[in-house]
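What follows is a single structure, written as structure tokens, with notes after it.
The values are calculated or read from the model by the stated rules, or taken from the named source; none is laboratory data. Remember, predicted model here, so these are calculated numbers, not experimental data. Cβ atoms come from the backbone with ideal geometry, glycine included; neighbour counts cover every protein chain shown.
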Amino acid sequence: MAHAHSFLSPAPSLSGEVKISFPEPHVLLLTFNRPHALNAVSQRMEADVQAVMQWFDEEPSLWVVIVTGEGRIFCAGADLKAWNARQQSGDTSEQERIASSVYGFGSLSRRASPKPIIAAVNGGAFGGGVEMVLNCDLVIASDDAVFALPEVKRGVIAAQGVIPRIRAAAGHQLAAEMLLLGRTVGAAEAQQRFGFVNLVVSREKLLSTALEWARQLVQNSPDSVQSTKRGLVIAAQHGSVETATLAHAWSPESKRAYNGSNIKEGLKAFQQKRKPIWTNPAKL
């Protein structure tokens, strides 16, 4: 059931290639909605995701987003038919497009959102779909999900952030197994061997499990969560622990957390042996 929300700014109007709903307080559910195309990402769908995520990042009352796919699978990656049409017409601007893509594939694979993103991966993800999954903070997969980076089989490159991310998650040799062989791995292997899936559940339990994790997340201080998420993003951007720690300490999200009302509420509630009542973080 959807919950009544009062937002500071109206939700963006969308084409229908993605759907949004609000299944719990502070929780946004974003669903890729091109099931006939296995949720392959079109330009319109990417623009929709961009609009939704921009709004989510800036809307103080939304604290966590769950991303999933309508129909059989989460996301089949790039729309290869459209890509083929570009290539055959002599368009050679793909390299510039990728280099200048601030938010990456599907407007998700390189997005440094200050808020947690949960992927609920139904049926599997391929290519750009995996690129998006690897940039989510928590990944729950259906037990029938498969994951592949088959770009090398098509003459293209998985270049929207997944190479450093999967190397960080799995190590060089396992990352090479997926990237260089283009090998397909199942959900259990993605969890146990490659380390980029948190939890494998039945398809029937996929969304309810993602919602349960979202509920656990919103029981925590949104200021603390967003500062900590920023710390994780910063950690991936710096080679040095000390540099990353300092950059996190002086981040806008940390400043807000230390100076906001939720830190007072959390400590007071602890002393009074009661559950804290969190409020929306101030806009940065």
Could you identify the single residue in Val200, Val185, Val133 that is surrounded by 14 or more Cβ atoms within 10 Å (Cβ to Cβ) and out of contact with any helix residue (DSSP H, G or I) (no Cβ under 7 Å at 6 or more places or on another chain)?
-> Val133
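Every residue in the stretch 68-82 that is of a type in the set (D, E, K, R) and either modelled with pLDDT of 95 or more or outside the structural domain of Gly129 (by TED's automatic domain parsing) (or both), please. Talk me through it step by step, then tell me what you get.
Step one: of the stretch 68-82, the residues of a type in the set (D, E, K, R) are 70, 72, 79, 81.
If the condition is that a residue be of a type in the set (D, E, K, R) and either modelled with pLDDT of 95 or more or outside the structural domain of Gly129 (by TED's automatic domain parsing) (or both), then Glu70, Arg72 are the ones that fit.
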Per-region count, the stretch 69-81, residues touching a strand residue (DSSP E or B) at 6+ places or on another chain (Cβ under 7 Å) and either free of Cβ contacts under 8 Å to residues at least 12 places away in the same chain or not β-branched (Val, Ile, Thr) (or both) | 8
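Within the stretch 122-140, track down each residue that is out of contact with any Gly (no Cβ under 8 Å at 6 or more places or on another chain) and either of a type outside the set (D, E, K, R) or closer than 18 Å to Ala37 by Cβ (or both). It would help to see each step written out before you state the result.
Here is the first cut: in the stretch 122-140, the residues out of contact with any Gly (no Cβ under 8 Å at 6 or more places or on another chain) are 124, 133, 136-140.
Listed by number, the residues that qualify are Gly124, Val133, Cys136, Leu138, Val139, Ile140.
From Val52, Val65, grab the single residue that is buried (at least 20 other Cβ atoms within 10 Å of the Cβ), in contact with a Pro (Cβ under 7 Å, 6 or more places away or on another chain) and among the hydrophobic types (A, V, I, L, M, F, W, C).
Selected residue: Val52, the only one of Val52, Val65 that is buried (at least 20 other Cβ atoms within 10 Å of the Cβ), in contact with a Pro (Cβ under 7 Å, 6 or more places away or on another chain) and among the hydrophobic types (A, V, I, L, M, F, W, C).
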Qualifying residues in the stretch 203-231 (those that are over 17 Å from the mean Cα position of the chain (by Cα) and of a type in the set (Ser, Thr, Tyr)) - the one surrounded by the fewest Cβ atoms within 10 Å (Cβ to Cβ) = Ser208
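Can you say whether Ser42 is among the hydroxyl-bearing types (Ser, Thr, Tyr) and surrounded by 24 or more Cβ atoms within 10 Å (Cβ to Cβ), as far as the supplied structure shows? Don't jump to the end; show me each part of the working.
Details: among the hydroxyl-bearing types (Ser, Thr, Tyr): yes; surrounded by 24 or more Cβ atoms within 10 Å (Cβ to Cβ): no.
So Ser42 does not fit the description; no.
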Given the conditions (1) more than 15 Å from the chain's Cα centre (by Cα); (2) within 24 Å of Met45 (Cβ to Cβ), report the number of the one that Asn122 does not fulfil.
-> (1)
For the stretch 82-107, what are the residues that are in a loop (DSSP other than H, G, I, E, B) and touching a residue at least 12 places away in the same chain (Cβ under 8 Å)?
-> Ser101, Tyr103, Gly104
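Yes or no, residue by residue, for (1) in a helix (DSSP H, G or I); (2) within 30 Å of Pro281 (Cβ to Cβ); (3) at pLDDT below 95:
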residue: Pro164; (1), (2), (3): yes, yes, no
residue: Glu177; (1), (2), (3): yes, no, no
residue: Arg183; (1), (2), (3): no, no, no
residue: Val200; (1), (2), (3): no, no, no
residue: Glu204; (1), (2), (3): yes, no, no
residue: Ser208; (1), (2), (3): yes, yes, no
residue: Lys229; (1), (2), (3): yes, yes, no
residue: Leu232; (1), (2), (3): yes, yes, no
Every residue from the stretch 236-260 that is closer than 24 Å to Pro60 by Cα and surrounded by 13 or more Cβ atoms within 10 Å (Cβ to Cβ) | Ala247, His248, Ala249, Ser251, Glu253, Ser254, Lys255, Arg256, Ala257, Gly260
Would you tally the residues in the stretch 234-278 being of a type in the set (A, V, I, L, M, F, W, C), under 19 Å from Leu217 (Cα atoms) and assigned to a loop (DSSP other than H, G, I, E, B)?
-> 2
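Can you name every residue in the stretch 108-157 that is among the hydroxyl-bearing types (Ser, Thr, Tyr), in contact (Cβ under 8 Å) with a residue 60 or more places away in the chain and within 22 Å of Met53 (Cα to Cα)?
As a first pass, look at the stretch 108-157 and keep what is among the hydroxyl-bearing types (Ser, Thr, Tyr): 109, 113, 142.
With in contact (Cβ under 8 Å) with a residue 60 or more places away in the chain added as a condition, the list becomes 113, 142.
If the condition is that a residue be among the hydroxyl-bearing types (Ser, Thr, Tyr), in contact (Cβ under 8 Å) with a residue 60 or more places away in the chain and within 22 Å of Met53 (Cα to Cα), then Ser113 is the only one that fits.
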